[in-house]
1. Consider Leu95 carefully, then state whether it is of a type in the set (A, V, I, L, M, F, W, C), assigned to a helix (DSSP H, G or I) and buried (at least 19 other Cβ atoms within 10 Å of the Cβ).
2. Please go through (1) under 19 Å from Asn111 (Cβ atoms); (2) assigned to a helix (DSSP H, G or I); (3) within 15 Å of the chain's Cα centre (by Cα) for Glu216 and return the number of the only condition it doesn't satisfy.
3. Please go through the range 270-288 and pick out each residue that is within 20 Å of Asp326 (Cα to Cα) and among the β-branched types (Val, Ile, Thr).
4. Between Ile318, Ile280, Ile341, which is out of contact with any Asp or Glu (no Cβ under 6 Å at 6 or more places or on another chain) and more than 21 Å from Ile127 (Cα to Cα)?
5. Can you tell me which of Ala159, Ala193 is in contact (Cβ under 8 Å) with a residue 24 or more places away in the chain and farther than 25 Å from Val314 by Cβ?
6. For the range 191-213, which residues satisfy the criterion of being at pLDDT 95 or above and of a type in the set (A, V, I, L, M, F, W, C)?
7. Name the single residue that is surrounded by the fewest Cβ atoms within 10 Å (Cβ to Cβ) among those in the range 40-53 being part of a loop (DSSP other than H, G, I, E, B) and modelled with pLDDT of 90 or more.
8. Could you check the range 187-215 and list, in sequence order, the residues that are surrounded by fewer than 16 Cβ atoms within 10 Å (Cβ to Cβ) and hydroxyl-bearing (Ser, Thr, Tyr)?
Amino acid sequence: MQQFIFTNRAIVKKRGVEQIDTSDSCGNTQNLRFGYLDVSKKKVALIPDPDIVQEHGVESYETIDYKDSKQKGSSEWFNRIYAEMKEDKEKNDTLVFIHGFYCGFKCFISNMEHLVTNYVDNPESSIGRVVGFCWPSNNNLLQYKNDREDAHYAGAALARGWIKLMQFFSEFVGVDNQCGKNIHLLAHSLGNAVFEKMIASVLSSRYSSFGQVFKEVVLAAPDIQHDAFEKGNPLYHINDFCERVHVYTHKSDDALRISKYTKNFESRLGKNGPVRPFHIPSNVSIVDCSLIKDQRSIKEKLFDHWYYKNSQTVIDDIGLVLNGADSFENRNYIANQNKFILKP
């Protein structure tokens with residue numbers, strides 16, 4: 001089954017055919033391109049897009065007619081997602097995924113495979129498809145500073161995708177019955193900085209009050225400031241974008257320790273949680289994963305950073321979140337810290 005991808009990576013031509021630049025030194029662009037991923041074959045089909053413009057504002061795509069069935073590019077892509085979500089079947093939610101730092105194109109494909117295996121192919125999951133956003137992260141642990149700069153630009157590009165989604169909702173979905181299915185979001189590591197920048201850009205646009213598009217938002221090992229949810233910061237407005245947020249943290253996250261002491265001296269939300277745990281939006285839950293013991297890879301056991309895909313305990317908990325669960329037997333609530341502890 002094909003999954004959906006979109007990217008702000010540079011596009012190159014090989015034998016006259018447009019392809020995503022998959023190199024680790026790939027450039028950052030403000031243009032979004034859309035396509036499909038065949039996970040089993042690890043092949044990407046890029047949609048020819050006639051909408052490309054060179055403007056840098058988040059509202060540069062306002063002339064697309066999404067009701068035109070002959071329209072290609074993003075229109076074809078959005079219409080296909082919506083057509084699938086309208087199908088009458090229970091397992092039909094959509095999961096949007098934003099990868100983190102130290103993750104080149106092959107890593108992105110691997111992460112998409114993980115999500116398909118654990119959610120799309122899982123009969124107990126509500127997820128029917130994954131929509132992955134691929135931004136040009138360097139596949140080098142020592143290139144954190146460059147990745148952080150790329151994440152900033154990627155967030156602005158992702159905001160353009162949000163604007164296109166809002167336009168699609170208003171022009172196409174608005175004249176049709178709502179499909180009744182849910183859209184969720186999972187961001188990992190520096191992908192949370194991409195998401196945060198997207199929200200900041202959207203808040204400054206005329207689409208800031210469109211409503212909650214996401215049902216569940218999962219922020220795994222977020223590489224953003226520990227006061228990100230406090231007043232004056234973009235994520236203070238997170239409840240305008242989604243119904244619920246679950247933030248997964250780990251006290252021994254050495255990847256975030258590296259980011260703090262080498263290139264970024266701010267305390268990280270994904271390590272110790274919010275600096276003031278009682279000053280977060282009411283729809284935000286903190287889940288401390290520090291006690292988990294079932295990490296699968298040596299790298300994970302060393303860094304405790306990729307647990308969202310390397311710990312079955314965390315995978316199962318995220319699965320319950322995406323299914324809309326209200327109670328979690330594998331968590332203990334610590335009232336004086338306003339957080340949950342995930343049982344090992």
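The values are calculated or read from the model by the stated rules, or taken from the named source; none is laboratory data. In this text, all values refer to a predicted model and were calculated from it rather than measured experimentally. Using ideal geometry, Cβ is built from the backbone for each residue, glycine included, and neighbour counts are taken over all protein chains shown.
1. Numbers: of a type in the set (A, V, I, L, M, F, W, C): yes; assigned to a helix (DSSP H, G or I): no; buried (at least 19 other Cβ atoms within 10 Å of the Cβ): yes.
No.
2. (2)
3. Those that are within 20 Å of Asp326 (Cα to Cα) and among the β-branched types (Val, Ile, Thr): Ile280, Val284, Ile286, Val287.
4. Going through Ile318, Ile280, Ile341 in turn, the sole match is Ile280.
5. From the options Ala159, Ala193, the qualifying one is Ala159.
6. Ala193, Val194, Phe195, Met198, Ile199, Ala200 - these are the residues of the range 191-213 that are at pLDDT 95 or above and of a type in the set (A, V, I, L, M, F, W, C).
7. Lys41
8. Ser204, Ser208, Ser209 - these are the residues of the range 187-215 that are surrounded by fewer than 16 Cβ atoms within 10 Å (Cβ to Cβ) and hydroxyl-bearing (Ser, Thr, Tyr).
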